[in-house]
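The values are calculated or read from the model by the stated rules, or taken from the named source; none is laboratory data. Computed from a predicted model, the values in this text were never measured in an experiment. All Cβ positions, even for glycine, are placed from backbone atoms using ideal geometry, and neighbour counts span all protein chains on display. Ligands, DNA and RNA are stripped out before the accessible areas are found, and what is left, the full protein with its side chains, is counted by its heavy atoms. Shrake-Rupley method; radii C 1.70, N 1.55, O 1.52, S 1.80 Å.
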Amino acid sequence: MGEEGTEGIVHLMCLAASSGVPLFCRSSRGGAPARQQLPFSVIGSLNGVHMFGQNLEVQLSSARTEDTTVVWKSFHDSITLIVLSPEEGTSELRLERLLQMVFGAMVLLVGLEELTNIRNVERLKKELRASYRLIDSFLGDSELIGDLTQCVDCVVPPEGSLLQEALSGFAEAAGTAFVSLVVSGRVVAATESWWRLGMPEAVLLPWLVGSLPPQAARDYPVYLPHGSPTVPHRLLTLTLLPGLELCLLCGPRPPLGQLDPQLLERWWLPLLDPLRACLPLGPRALPAGFPLHTDILGLLLLHLELKRCLFTVEPSGDKEPSPEQRRRLLRSFYTLVTATHFPTEPGQPEEKAEDTAHRAQVPRACYLVSGPEEPGTGWRLVALQLGPRRLLLLLSSQSPTHGLRVLATHTLHALTPLL
C-alpha cells in the first residue's frame, strides 16, 4: 500500500462520514510532522471500502497489508477517522486508542455539536486547525504515555503534602474546585474535583497544556468530551516557573485578571523551593534518590482504578538503549500484555462473554526478551499485576530471567505508596 515518497510515514485522515469529504490529513515521519500526504484517490478508496461494509451491515475496523496496518473508526455516525501505520508490529489496540484520543482532542477544542451536526464543512475545517498541534503530538514520539494507557501521566514531588495543601487553599481563594499543577504535561498535584474528571479530558487537559508554546497566562475555551461536550468551559493557565503551570478549569468566573500577582505570591512564593524541585520531575517522574535496582532501564506503573500512571525511561541513562528506543519498547510491550495476557482493564468493555469464566486462568505476570537470541543478551521486559496496579519494567541484558518476577514484585511494593 506504500505510495512513492510516503514510506515510513504515519497518516491520519478525518472525513465527514456522510459525504466522505476530507476535513484534515496529518502525517508524521520518525515522530516529527511530515508534509507528504496520501493522494485523494487513496483516501477515497479507504473511506469507500469502509462505507461499502457499513451498507452491508459489516463493520470494518482494521486491515493489514504486507507493509501497513490500517484502522478505521466512526464517531456518532458523523466523523470517520482512518490511520495508516507502516511500523512493523504495530497493534490495532494502539491505533484504536490513537483514534479515540484524536476524536477527544477534536471535541475538546471544537465541541461535539459542531462535529455531529456539520452545517458548513469549510468553516469546520478552519475550526479544526486549532486541534492540529495537539493531534500532531499524539502522532509524534511523545515522552508521555497517557494516549495509549488512557491514564493520567503523573509525577511524584518530594514535598507533595505541602503542594497539595497550597493547591487546595489557592483553589478556594480563586473560586474554583478544579485546579492542578502541571509540569511538562504531567500532573504534579490536583484537587479532588480535578481527579474526578472523566476520560478522556483527564488525560487531554494536561497534555494540551504541555503541547502549547510557553505563555505567562492563558484563557483557553475547552469542551469536556465526557463531562460537558456541548457547553464550553474555560481553562486558565498561569506559569509559576518555566515549564511548571497552574491550571484552573472554571466557568465564566473568575476572570483571568482577578488572579492577580498578590494572590499567586500569597500561596506560592513561600513554596518556591518545593516548586523548583518539581522541574526535573518531567522526564524522571520519581523523586531524586528513589531506590531502584540498577538493572532497571525504564518503568511504567499504572493504577487502573484511579486511572493514573508513572512513566520514566531515565534510570541508568548512560546505558543502551536510547531513551527513544526505551519508550518504544515499553509502549509495544504494554500493547502486547494488554491485548494478549492481562484481563480487560476497568472501564473497558468486555470483548467476549466467556472471558469472565476464564479470569482465574489469566496470568498475573509475564516476561519477554527483546533483541539477539544468544544467551545473556537482549533486554528483558517483565509485567506484573497485583490488584489494581500493573507494573511494566524494562531491564538490562544482565538481569537473569529467573529473577525477573522477584525483582518486579519488590519494585512494585516499593512504588505502591507513591501511586
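The table for this structure:
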{"read-out": "Separation of alpha-carbon centers, region 75-93 and region 384-419, rounded to whole Å", "value": "32 Å"}
{"read-out": "Inter-label distance, nm, simple model (7 Å from Cα along the C-beta direction), Leu256/His413", "value": "5.1 nm"}
{"read-out": "Förster-model FRET efficiency, 60 Å R0, Val21 and Glu192, C-beta, rounded to 0.05", "value": "0.85"}
{"read-out": "Axial C-alpha extent at least 24 Å, average Kyte-Doolittle at least 0.0 - helices from the chain (DSSP)", "value": "92-110"}
{"read-out": "Partnerless cysteines, meaning none of the other Cys C-beta atoms lie under 4.7 Å away, in the chain", "value": "Cys14, Cys25, Cys154, Cys247, Cys250, Cys278, Cys366"}
{"read-out": "Residue-level accessible surface for Tyr220, protein heavy atoms, 1.4 Å, Å²", "value": "60 Å²"}
{"read-out": "With 10 Å bins from 0: P(r) over region 294-338, alpha-carbon pairs, percent", "value": "26, 51, 21, 2"}
{"read-out": "Extension gain (nm, one decimal) between Lys319 and Glu265, 0.36 nm per residue minus Cα-Cα", "value": "15.2 nm"}
{"read-out": "The chain - mean residue ellipticity at 222 nm from DSSP helices (-39,500 (n - 2.57) per run, n ≥ 4, rounded to 500)", "value": "-9000 deg cm²/dmol"}
{"read-out": "Rg to Rh, two decimals, where the chain supplies the alpha carbon set and Rh follows Kirkwood", "value": "0.97"}
{"read-out": "Stokes-Einstein D for region 133-235, Kirkwood Rh over Cα pairs, 4 °C, 1.567 mPa s (µm²/s)", "value": "90 µm²/s"}
{"read-out": "Antiparallel %, DSSP beta bridges [both residues in the chain], to 5", "value": "95 percent"}
{"read-out": "Efficiency of FRET between Glu87 and Leu212 - r from beta-carbon atoms, R0 35 angstrom, step 0.05", "value": "0.80"}
{"read-out": "Overall form of region 8-107 per C-alpha gyration tensor (a/c, 1.5; a/b vs b/c)", "value": "rounded"}
